[in-house]
Each structure stands twice: as C-alpha cells, then as structure tokens.
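Here the structure comes first, spelled out in structure tokens, and everything after it is commentary.
The values are calculated or read from the model by the stated rules, or taken from the named source; none is laboratory data. Keep in mind the model is a prediction, meaning the values are calculated, not measured. Cβ: placed from backbone, ideal geometry, glycine included. Neighbour counts: every protein chain shown. Accessible surface is based on the protein model in full, side chains and every heavy atom, while ligands, DNA and RNA are left aside. Shrake-Rupley method; radii C 1.70, N 1.55, O 1.52, S 1.80 Å.
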Amino acid sequence: MMSSNSQSLDLRGVPCPLSFVKAKLRLERLQSGQLLELWLDQGEPVEQVPNSLKIDGHKILSLTEHDQKFFTLVVEKV
C-alpha cells in the first residue's frame, strides 16, 4: 500500500516513448523525496522507462512483476 506521500500512474497500454514522457511529466509535479508508482506493460515500457528515469537522476526503489501481465515500478523523485 502506497503512503499518502506517494502517487500512482497507470501506464498500461501506453507505448514507449509516450509512457516515459507521461512518467517524467508526473514526476515534475512532485516534491523531492515523494514516490511515484508506475504501472507498466511488459516489453519495451518496462525495459525502457526504469533506465530512462534513472538516467534522469531519479531513484528506482522497486520493480515488481504481477502475474506476468504488468509491472509496478516505484520511483523516488530526487
């Protein structure tokens, strides 16, 4: 369960690079230290988005697979 200091964004069905762009825009609205939980599809989104956010300087806290259908990625804004 995510705390009140965090938000979630469902990006299932959103292709790359749009999924990264949407994640980046949402992170820009957060304060430093806040968490964002992203829901990502298998394949390109889960392969690209975590690395792209890391390159942007954000902290990847966890990446969890759910029933081989989608992933949840928890990112801390820095």
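In loop segments of region 11-52 as defined by DSSP, the trypsin sites (Lys or Arg not before Pro) with at most 15 further C-beta atoms inside 10 Å of their C-beta are R12, R29.
Taking the Cα atoms only, what angle lies between the long axis of helix 44-55 and the longest principal axis of the chain, rounded to 10 degrees? That works out to roughly 30 degrees. Taking the C-alpha atoms only, the angle from helix 18-28 to the longest principal axis of the chain is near 10 degrees.
Note on Q68 and N5: the extension gain reaches 19.9 nm, defined as 0.36 nm multiplied by sequence separation minus the Cα-Cα distance. Length gained on full extension, R12 to S32, computed as 0.36 nm times the residue gap minus the Cα-Cα distance: 4.7 nm.
Restricting attention to the chain, close to 75% of DSSP beta bridges with both partner residues there are antiparallel. In the chain, the portion of solvent-accessible area held by carbon and sulfur atoms comes to 49 percent [1.4 Å probe, whole percent, DNA, RNA and ligands not counted]. Ordered by residue, what ³J(HN,Hα) values in Hz, to whole numbers, does region 57-71 give under the Karplus form 6.51 cos²θ - 1.76 cosθ + 1.60, where θ = phi - 60° and Gly and Pro are x? 3J(HN,Hα) across region 57-71, in whole Hz: x, 7, 9, 8, 8, 7, 9, 10, 8, 10, 6, 6, 10, 8, 10. In the context of the full set of protein chains, the chain has a per residue accessible area of 61 Å² (1.4 Å probe).
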